[in-house]
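Notes follow once the structure below has been shown.
Bear in mind that the values in this text are calculations on the coordinates, not laboratory data. This structure is a prediction, so every number in the text was calculated from the model and none was measured. Because the Cβ atoms are built from the backbone with ideal geometry, glycine has one as well, and the counts that use them run over all protein chains shown.
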Amino acid sequence: MRYQHASDIHADLKRLKRDTDSSRVAPGFSPPSRDAALKGGATGDSPDFQMIAGLIQRHKNAAIGTVVVVLVLAVVTWYLLRRPPQPSAELTQNRLTFNSSENAVRSDAISPNGKYLAYSDPGGIHVKLLSTGEERLIPRPAGVPSGAFWDVDSWFPDSTQTLADADEPGGRESMWIASILGDSPRELRESAWGGEASPDGTRIVFTPRSRREGPLALSGNAREIWVMGSQGDNPQKVLEVGEHESLTWVRWSADGQRLGYIRVRDTQGGPQTSIETCDMNGANRTVVMSDPELSLEDFYWLPDQRIVYSRQESPGSTDENLWQIGIDTHTGAPTGKPKRITQWPGSYLWGLGASADGRRSVLQKAAAQGQVYVGELGAGGTRMSPPRRLTNDEAFDQPTAWTPDSKAVLFGSNRNGQQSIFRQAINQNTAEPVVTGPQNAGIPRLSADGDWILSVERPKTAVGPPFPGRLMRIPVSGGVPQFVMDWRPNYLDFGCARAPASLCAVWERSQDQQQLVIAAFDPLKGRGKVLRTIDADPTAFYDNGLSPDGATFAVSRGGEAEIHVRLLSLSGGSDREITVKGWSNITGLDWSPDGKGLYCGSVSPQGSTLLYVDPKGNARALWQSKAASPAIWGVPSPDGHYLAIPGIVINSNVWMLEGF
């Protein structure tokens with residue numbers, strides 16, 4: 001760059017070639033001495049030295065400038081090596097698993113050396129050699145029942161052992177070391193899960209609480225983070241969060257000196273998530289990323305001072321994408337601004353991870369479709385023929401009511417880009433909208449007299465208090481929604497009895513979250529008086545249902561190993577409780593039209609089961625589905641001849657990304 005003309009470079013190159021060509025050595029020239037040759041070969045009398053000296057003399061300023069340039073380049077190189085490398089624009093993705101919706105992938109982890117993928121599905125834990133596609137199965141440990149979840153958590157640094165969880169139907173959980181070399185799995189600790197080995201393999205971080213409810217709950221619902229030795233020894237608590245908070249996806253930093261985690265805060269406007277870090281004493285906490293409106297699903301910590309995370313694109317959206325943000329590994333503080341990496345519509349992203357060098361990343365892409373199924377009842381509603389699929393689209397449909405004549409199902413759907421209410425006759429293939437004009441409404445239910453469809457309408461911009469929505473009424477024939485009352489942040493659900501009864505009720509949590517309140521409302525006049533108040537666990541979810549005669553309110557706590565249903569009198573009578581023996585994890589609670597039984601769901605590792613429960617707690621299985629589903633329930637038609645059932649179709653598979 002210091003030459004003025006290309007001809008100058010050409011002349012110097014010709015001179016250099018001439019002077020160093022062995023065939024053109026000057027007469028009488030003797031080679032340098034052995035000592036000089038060992039020191040570099042060029043002496044003061046050699047043509048090489050004379051040529052170099054001449055060049056320097058001719059281009060003295062250029063030579064000095066070259067030295068400066070070299071020094072500057074050294075400084076720039078040092079700076080570039082210290083700063084986080086910028087991700088390549090050539091991001092490539094390859095699909096690694098091809099499971100069906102009935103065999104959805106549950107968990108995944110790529111080995112530190114980037115050669116293996118471990119993933120779990122209902123069949124167990126599989127290890128796949130990425131170079132050939134060859135797979136082998138890591139069997140469940142002896143003594144762990146076949147119906148238990150057997151999921152992979154992470155790898156040890158040697159890429160020959162994994163951490164795995166066994167989650168049994170009875171509620172027992174345990175953490176194991178499983179080898180890909182054929183050794184039998186070895187139990188590390190009970191009541192622990194979600195483990196990840198430190199980068200040097202000497203420690204394991206874990207959480208000591210149970211999973212979230214439902215078979216697809218892959219992230220945790222913990223309030224504490226613990227660290228123990230690699231053999232399960234010396235467990236020590238690192239961090240604990242508040243009563244209405246939980247922790248998910250705990251990850252090590254690349255140097256093993258900090259921990260990252262997702263913190264979930266339960267608020268009146270819904271859960272709020274943030275990515276945070278702390279040191280090994282649970283101190284020096286930092287917030288890497290926080291968004292009060294958008295859910296942060298998962299993240300991982302790359303060795304090049306970046307955190308890659310999946311984030312919801314908009315409130316209520318089913319679209320998630322990968323984002324990245326720079327991070328100071330030593331302090332855990334963010335550097336720079338977040339940047340989006342992908343643009344993938346219609347996918348949930350979790351199970352994020354990377355090889356030790358960060359060159360290969362894996363994740364699960366999952367898509368969920370909720371469809372409506374209809375089954376025909378017999379024997380007084382205690383038996384049901386195999387249900388058939390009523391809706392057939394790529395939307396998310398959820399049935400909650402029928403038209404008064406029992407000829408059509410009412411359901412909420414996002415098929416038009418926003419949540420709306422539809423009805424579809426049981427002998428037709430297409431649905432029709434119920435509401436006139438734009439709106440964002442769901443949970444349709446009938447009023448007691450059958451004249452109105454009641455639903456909760458939420459503006460798209462409403463993400464928190466004071467009022468996230470409104471309860472509206474629509475003529476049963478369809479039309480423009482009319483206001484009934486504000487839908488408060490602490491409201492849970494609502495329902496109505498059937499004529500000749502006239503009661504409609506809303507159930508809500510008290511302001512301190514310690515009680516469940518049942519209050520009356522009128523579709524024309526709005527909220528009425530409080531009917532009952534009971535104590536309730538502020539961290540638990542409850543299924544509820546108002547009896548057809550309006551005299552009894554049924555309530556059951558979700559997530560229990562055995563279903564218990566409390567029958568609360570609203571007419572001054574005595575309360576009672578029934579136990580549904582042999583069934584756990586209730587989902588949904590609907591009364592039969594004659595008030596003599598209840599329809600509810602039970603979710604287990606084996607799948608989901610729809611039950612009919614009589615007043616003594618005796619349960620009859622109406623339908624069992626092996627497909628993974630977070631919830632199942634049955635809504636009876638007013639004439640008692642049919643059940644409308646939600647069916648969740650979930651596709652989840654693992655993809656590998658390269659080019660970060």
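Of the listed pairs LYS128/LYS581; LYS407/LYS525; LYS128/LYS337; LYS237/LYS339; LYS365/LYS596; LYS407/LYS596, which have alpha-carbon separations greater than 32 Å here?
As for pairs spanning more than 32 Å Cα to Cα, those are LYS128/LYS581; LYS128/LYS337; LYS237/LYS339; LYS365/LYS596.
Taking H as built 1.01 Å from N, whose amide H comes closer than 5 Å to the amide H of TRP193, not counting residues under 5 places away?
Placed amide hydrogens put THR207, ARG209 under 5 Å from TRP193.
Taking Cα centroids, how far is the stretch 497-518 from the stretch 259-315 in Å?
Using only Cα atoms to place each centre, the spacing works out to 35 Å.
Which distance in Å, rounded to a whole number, links the C-alpha centroids of the stretch 332-355 and the stretch 555-583?
Going from one Cα centre to the other spans 43 Å.
Mind checking which lysines have their C-alpha under 24 Å from LYS14, skipping anything on the same chain fewer than 8 residues away?
LYS60
Using a basic spin-label model with each label point 7 Å from the Cα along Cα→Cβ, how many nm lie between ASP449 and ARG172?
Here the answer is 5.8 nm between the modelled labels.
Along Cα→Cβ, 7 Å out, is where each label goes; now give me the distance between the ones at GLU190 and THR533 in nm to one decimal.
The modelled label-to-label distance comes out at 4.1 nm.
Taking amide H positions as placed in the peptide plane 1.01 Å from N, state which residues far from THR335 in sequence (5 or more) or on other chains have amide H under 5 Å from it.
The answer is GLY326, ILE327, ASP328.
Going by average Cβ neighbours within 10 Å, how do the peptides 364-373, 92-101, 500-509 rank, with the highest at the top?
By packing density, highest mean first, the sequence is 364-373, 500-509, 92-101.
Report the trypsin sites (Lys or Arg not before Pro) located in the stretch 594-660 that are in a DSSP loop and have at most 11 other Cβ atoms inside 10 Å of their Cβ, or state none.
Those satisfying the criteria are LYS616, LYS626.
Work out the FRET efficiency for LYS616 and ALA425 from their Cβ-Cβ distance, taking R0 = 35 Å, and round it to the nearest 0.05.
0.45
Highest mean first, what order results for 116-124, 142-150 on Cβ atoms within 10 Å?
116-124, 142-150
Could you check the spin-label model distance between LEU91 and THR132? Points 7 Å from the Cα along Cα→Cβ, value in nm.
For the pair LEU91/THR132, the computed spacing is 3.3 nm.
Suppose R0 equals 35 Å; then what is the FRET efficiency for HIS564 and PHE98 from their Cβ-Cβ distance, rounded to the nearest 0.05?
Efficiency, rounded to the nearest 0.05: 0.25.
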